[in-house]
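Any read-out appearing in this document is the output of simple, stated calculations on the displayed coordinates, not a laboratory observation. As the structure is a computational prediction, the values presented were derived from the model and not from experiment. Cβ: placed from backbone, ideal geometry, glycine included. Neighbour counts: every protein chain shown.
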Amino acid sequence: MRIDCETEGVTIDGIDARAYVTLASDFFSLSPGSCELSFTGCSSHASSFRERWL
């Protein structure tokens, strides 16, 4: 899954998955440094972050 907070787009394996985004979904910003994320409703996950401004 890829979540693009700039465009508020979501894809799974390159396929549009915006239908899985609900009104309660929140495209959030991350502050510089370490961040702790919490996941619910899934058995496994991997996450990474890439700053869009170089």
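Quick check on the exposure proxy: order Asp16, Asp26 from fewest to most C-beta atoms within 10 angstrom. Mind showing how you got there, number by number?
Details: Asp16 10, Asp26 7.
Going from sparsest to densest Cβ surroundings: Asp26, Asp16.
Find how much the distance from Arg2 to Ile15 grows on full extension, using 0.36 nm per residue of separation minus their present alpha carbon separation; answer in nm with one decimal. In short, 3.7 nm is gained. Structure remark: mean-square fluctuation, Gaussian network model of the chain, C-alpha springs under 10 Å; the largest value among Thr11, Thr22, Thr40 belongs to Thr40. One equal scatterer on each Cα of the chain, no solvent, Debye formula: the resulting log10 I(q)/I(0) at q = 0.15, 0.18 Å⁻¹ is -0.50, -0.74.
Under the criterion of Cα pairs below 8 Å and six or more residues apart, the relative contact order for the chain equals 20 percent.
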